[in-house]
Amino acid sequence: MIVLRAMDKIMTCAEFQEKLPELFESQADLGAQEHLKSCEMCAALVRDLEYIAAQARLLLPIHDPSPAVWEHIQQAIRRGDEPDVKSVSAGRK
Amino acid sequence: MAVERFVLMNAGPSQPRPATQHLRRNPPIAGEQEAIQRAQSGDSRAFETLYAMHKRRVYSLCLRMLGNVAEAEDLTQEAFLQLYRKIGTFRGDSAFSTWLHRLAVNVVLMHLRRKGLPQVSLEETLEPAQDDGPRKDIGARDLTLSGSIDRVTLERAIENLPPGYRLVFVLHDVEGYEHNEIAEMLDCSIGNSKSQLHKARMKLRDLLRTGQRKEQIA
Ligand SMILES: [Zn+2]
């Protein structure tokens, strides 16, 4: 890979990807990055990472705990247990 | 104890919060306010109501952070028992769900610390970066992920993340906490939280692409 350090606007893939976490966090417009205009590989990477973050935000709670959890909570409250010492799985053993 | 400290800090009005994301994920619940007040005065039916309202969210949070059903159930139980003891200290400075979730996050983190596992300590030396050099291996013609990942696939990939990556990813990208909050919760630097998040997303991309390739072969 040719490193064009003299032209400081053009980065290698390695340099671009090293800067990527920072670019994401700065909310900068990634589309304006020169490197992405000429590098399909890094453009695909950025699209994927943005897509993953966007999909994660859409995840919703989908699981209910088993009814045993509430039963154990009730039992612990009745006994006046400290919550740190008893647990569902300890009860199972 | 650290949990007390976190809860007290969370109760402060100056604490930054992921207000938008959290509100979207946790819209106000009808009847919650009344149930809180009744539970605060010792009404056990009202506490049961609060449990019914919040059990799914708290459990899902624990499950995603831990990746293990038995532990997630234990810690859901522990979180609600702490809620039972501490509900009198809830002042309504923040949304109840925000307060409760922070309590649950702290319960999970305390548990992980007690187990003495390195996953809470995010110092990078403890998790040698496996393959985070530049991605030269993926040809431009290779498919991108966009539009192709369903929720179940993503959930499964998150489960398969290394524990340290998973914590930061779930807290930031799923739950909507900011890096400064995560750094405080995990007792690491903000830069560390940011770099772990980036590595988590990179790892997820690998997992999701590998899954896609396998699907195509099959
Ligand atoms: Zn590139």
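For segment B:97-110, the Karplus equation 6.51 cos²θ - 1.76 cosθ + 1.60, evaluated at θ = phi - 60°, returns couplings of 5, 4, 5, 5, 5, 5, 4, 5, 4, 5, 4, 5, 5, 4 Hz by residue, with Gly and Pro reported as x.
What the Cβ-Cβ distance of A:Glu71 and B:Thr89 gives, at R0 = 41 Å and to the nearest 0.05, is a FRET efficiency of 0.95. Taking all protein chains as they are arranged and a probe of 1.4 Å, the heavy atoms of A:Asp29 leave approximately 110 Å² accessible to solvent.
Each chain gives up part of its surface: B and A jointly bury about 4700 Å² of accessible area, both sides summed, for a 1.4 Å probe. With both labels modelled 7 Å from their Cα along Cα-to-Cβ, the B:Val152 to B:Arg113 distance reads 3.9 nm.
Cross-link check: pairs B:Lys86/B:Lys194; B:Lys115/B:Lys199; A:Lys19/B:Lys115; A:Lys37/B:Lys203; B:Lys86/B:Lys115 evaluated at a Cα-Cα cut-off of 30 Å; pairs beyond the cut-off: B:Lys86/B:Lys194; A:Lys19/B:Lys115. Rounded to the nearest Hz, the phi-derived 3J(HN,Hα) couplings of segment B:34-47 under the Karplus curve 6.51 cos²θ - 1.76 cosθ + 1.60 (θ = phi - 60°) are 5, 4, 4, 4, 5, 5, 5, 9, x, 7, 6, 5, 5, 5, where x marks glycine and proline.
Our coupling estimate for segment B:174-185, obtained by passing each phi through the Karplus curve with A = 6.51, B = -1.76, C = 1.60 and θ = phi - 60°, is 8, 8, x, 6, 8, 4, 5, 5, 5, 4, 5, 5 Hz, Gly and Pro reported as x.
Among the residues of A:73-79, the average count of other protein chain beta-carbon atoms within 10 Å of the residue beta-carbon is 4. Using a Förster distance of 45 Å, how high is the FRET efficiency between A:Asp29 and B:Lys214, based on the Cβ-Cβ distance and rounded to 0.05? Computed FRET efficiency for A:Asp29 and B:Lys214 comes out at 0.80. Remark: the A:Arg57-A:Ser38 segment gains 3.9 nm on full extension, using 0.36 nm per residue and subtracting the alpha carbon distance.
The values are calculated or read from the model by the stated rules, or taken from the named source; none is laboratory data. Predicted model, so just to flag it, every value in this text is computed and none were measured. Backbone-built Cβ (ideal geometry, glycine too); neighbour counts: all protein chains shown. For the accessible areas, the whole protein counts, side chains as well, though only heavy atoms, and no ligand, DNA or RNA atoms are used. Shrake-Rupley method; radii C 1.70, N 1.55, O 1.52, S 1.80 Å.
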